[in-house]
Amino acid sequence: MAQLAAVVGVGQTKYKTKRKDVSIAGLVREAAQNALDDAGLCWNDIDAVILGKAPDMFEGVIMPELYLTDALGCNGKPMLRVHTAGSVGGSTAIVAASYVQSGVFKRILTVSFEKQSESNAMWALSNPQPFSPHLNAGAGGYFAPIIREYVRRANAPTDAGIKVAVKDRLHGARNPLAHLQLGEITMQEVADSPMLWEPLRFLEACPSSDGACAMVIANEELAGQSPGKPAWIRGCAMRSEPTMYAGREQVSPQAGIDCAKDVYRQAGIHHPRKDFDCAEIYVPFSWYEPMWLENLGFADEGKGWELTMSGATSLDEGGDIPWNCSGGVLSSNPIGASGMIRFAEAAQQVRGLAGGHQVDGAKTALGHAYGGGAQFFSMWVVSADKH
Amino acid sequence: MRDIAIVAFAQSNCVRDAGAKNEVELIMPVLTEVFAQAGINSAQDVDFTCSGSCDYQQGAAFAFVAGVDALGAVPPIKESHVEMDAAWALYEAWLKMQAGDAESALIYGFGKSSPGELPIVLSQQLDPYYLAPLWVDTIAFAAMQARYMLDQGLITERDMAEVVARSRRNAMNNPHAQLKAEVSADQLLTEAHYEAPLRRHDCCPVSDGACAMIVCTVEKAREWGKPYAVIKGIDHRIETHHIGSRDLARSVSVEQSAQALGVSNGPVDIAELYAPFSHQEIVLSRALGLDERTVVNPSGGVLAGNVMMASGLSRIGEVAMRLIRKEGRRGVAHATSGPCLQQNLLTVLEAE
């Protein structure tokens, strides 16, 4: 059976539009070194490196793990490169965990990154293909119709999205690493920002960021010897479904529902809103908070927006189930790393190391990522307790 | 480490240009074939699916996403993808099975290199600040490696031609091969240099295609009642990206993996080596300590047809199918990635 594994070190870079001060190698090295420092380890303590990032076209470097071998101290060691679209940061963490859970490795380093300033993500996502119509829509244009369908079905008030945009930016202002620092943001300011893709306004969309996130994952024995508190990995799950098929439920995809059920079963979660102390959920566009609240079982169908509006997901309003205390994807979005940041921030919460955005006494947290046309999901549950 | 069984393997023909075929049309035939071999219906009947592909081959971000359409992933499945040769997708599945999280898995790899100029495209996998702007292509790097080995007296051009002659001859028995012929080393040596010291035949062809494999626990293979070969171990390593920091006449990472897996602890009857250039087969054979008792690249190897992102998994499948057909008892398969064999994966297999 699977061996126990725990996060014993987390490292992140400062997120910003252009990290002109570092190369791609310098960026991943910064996150990795921070993770090693956090774990009280050095490069020789690492048995393997698992790297994740979104499409290579985002930087214009094919299989960059080849070039990053030296920066990540991987010479003579195993290197694996995961790519599962936007969920990749989460999937990479799960694959990395399996290196240890399999008993084959004792302690590994996993890193995710995106240096969006090296290229143009909108171009990379929208270059025309010979066998399909050219959308040129980007992610926001793709998801907006699905969001409109959610608003129609749930009869949600238009300011639910605005509320999320404000809430996550206020959270982000507590996190010195967050890209957007908008501590003074107001509902009116979001409402007045330009409409990009109805109903998504400029301030309801994630930024484009450079950044990297890294974690050290160790087996039970080595985690026990770690100087810091470990975050025990209590469950890991991934699900995929096709982008389109007859009858596909796009507002609340089945793959997300199944993935959550699987990871909750492994971790013994029965009532997500009660059993979790907080959650880091992939919300790149404001409306995905109420949508995922329902998809993940935190709220009944059609009621996610009510939870959001009540302040239940807000740290500043003393909500009972704070979502995205780090500021979330709405505050920092180095795409390939965004999923891993969710997983790592969940770990930091249960390790008690989340600093200004710490949830008091957090014991159990959910990390979540999704990608493609909301068709790839990866989730993990981490806890301060082993069992 | 628990043994993992390979119960099914299928590969498409290696073709220079698959024309208008999209990802799904490349993948579907090999999936259908492995499902039939294993006696199952779809990806719903395995616990995990993992694939390998590279966006830049066909020039589309998220090229693998369309691949999911070939899987019948309704209801949703447990699925993952590596931006690597599918041999590493097998590794990801192998770890999951070691952890007890899956009892069976579908692995597939596909590549459509025909839309671009592959050697030039792959120059963009080099260090983006110092090397990629020079557009040094894969053939130029391999030529430098061959030149170094020739100058050191470690190989001769005849050694290289003999590798190619054997590949062409072996490929005559491989229905999927792209290049096959009865040709002697003498004949090959009369050809002009292409990128000296490489002749055109020293370089693998560019191919479109796909392959797929089904692996499972030995218990599951017995339950399915299918013949199988056993994966005794897999190990992969990477080396520095800086060509100048490596001894290009050796493959240190293959030596390390061979040591870790105990390749020399028993006879190696069959070896399938992913050597895109003739001299690299010699580098690999030496790193593995192989001698004339081993049949090397009975399929013709990738000099006879090279579907990037599938060829590594195909090496493993080739050895497995030969072990199932009792052509040997124990074999080694090798996969590679990066310039001049930067990254390598070894699999040791045994007959049931």
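Structure above, values below:
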item	result
Förster-model FRET efficiency, 25 Å R0, A:Thr17 and A:Asn127, C-beta, rounded to 0.05	0.65
For A:Leu200, distant residues with modelled amide H under 5 Å away	none
Solvent-accessible heavy-atom area per residue, rounded to whole Å², over segment B:12-95 at 1.4 Å	30 Å²
Proximal aspartates and glutamates relative to A:Lys386, as straight alpha-carbon distance under 15 Å, when same-chain residues fewer than 8 apart are discounted	A:Glu220, A:Glu221
Dmax and Rg, reported as Rg then Dmax, of segment A:203-286 (C-alpha, Å)	17.1, 52
Projected-area average for segment B:181-273 over all orientations - Cα convex hull basis, square nanometres	10.6 nm²
A:Asp320 paired with B:Arg325, simple spin-label distance in nm, labels 7 Å along Cα-to-beta-carbon	6.6 nm
Per-pair calculated FRET efficiency, R0 = 30 Å: A:Glu221 and A:Gln33 via Cβ, rounded to 0.05	0.80
Solvent-accessible area per residue, Å², over segment B:201-352 with all protein chains present [probe radius 1.4 Å]	29 Å²
Accessible-area order (highest first, 1.4 angstrom probe) of the listed residues B:Arg237, A:Arg81	B:Arg237, A:Arg81
Rg/Rg_globular for chain A, with Rg_globular taken as 2.2 N^0.38 Å and Rg from C-alpha atoms	0.91
Kyte-Doolittle mean at least 0.0 and Cα axial length at least 24 Å: DSSP H helices in chain B	none
Percent carbon-and-sulfur accessible area, the protein assembly as shown, ignoring ligands, DNA and RNA, probe 1.4 Å	50 percent
Vicinal HN-Hα couplings computed from phi for segment A:28-34 (Karplus, 6.51 cos²θ - 1.76 cosθ + 1.60; Hz; Gly/Pro x)	5, 5, 4, 5, 5, 5, 4
Under 5 Å, built H, 5+ apart or other chain: amide partners of B:Ala229	B:Ile6
Whole-Å distance, taken between Cα centres, linking segment B:122-201 and segment B:266-290	15 Å
Rounded tilt (10° steps) of A:88-101 against the dominant C-alpha axis of chain A	30 degrees
Reciprocal of mean inverse Cα separation for segment A:85-205 (Kirkwood radius, Å)	17.8 Å
For A:92-99, mean number of other protein chain Cβ atoms within 10 Å	4
Value of [θ]222 nm, deg cm²/dmol, for chain B, DSSP H segments ≥ 4, -39500 (n - 2.57) each, nearest 500	-10000 deg cm²/dmol
Pairs from A:Lys115/A:Lys163; B:Lys232/B:Lys326; B:Lys96/B:Lys220; A:Lys167/A:Lys274; A:Lys106/A:Lys229; A:Lys53/A:Lys106 whose Cα-Cα separation, in the structure shown, is over 26 Å	A:Lys115/A:Lys163
Kirkwood hydrodynamic radius of chain B, Cα pairs, Å	20.2 Å
Extension gain (nm, one decimal) between A:Glu184 and A:Lys386, 0.36 nm per residue minus Cα-Cα	68.7 nm
Contact order normalised by residue count of segment A:296-387, Cα under 8 Å, 6+ apart, percent	18 percent
Cα pair distances exceeding 22 angstrom across segment B:222-291, given as percent	31 percent
Mean projection area, nm², convex hull over Cα of segment B:42-125	5.8 nm²
The protein assembly as shown - share of DSSP beta bridges that are antiparallel (%, nearest 5)	75 percent
Label zone at A:Lys229 (point 7 Å along Cα-to-Cβ), backbone N below 11 Å, segment A:326-356	A:348-355
Sites A:Met309 and B:Asp17, calculated FRET efficiency, Cβ-Cβ separation with R0 45 Å, nearest 0.05	0.20
Cα-derived Rg over Rh, computed across the protein assembly as shown with Rh taken as Kirkwood radius	0.98
Equivalent ellipsoid semi-axes - Cα gyration tensor, segment B:1-155, angstrom	33, 20, 15
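The values are calculated or read from the model by the stated rules, or taken from the named source; none is laboratory data. These numbers come from a predicted model, not from an experiment. All Cβ positions, glycine included, derive from the backbone under ideal geometry; neighbour counts span all protein chains shown. Surface accessibility is based on the protein's heavy atoms, side chains included, excluding ligands, DNA and RNA. Shrake-Rupley method; radii C 1.70, N 1.55, O 1.52, S 1.80 Å.
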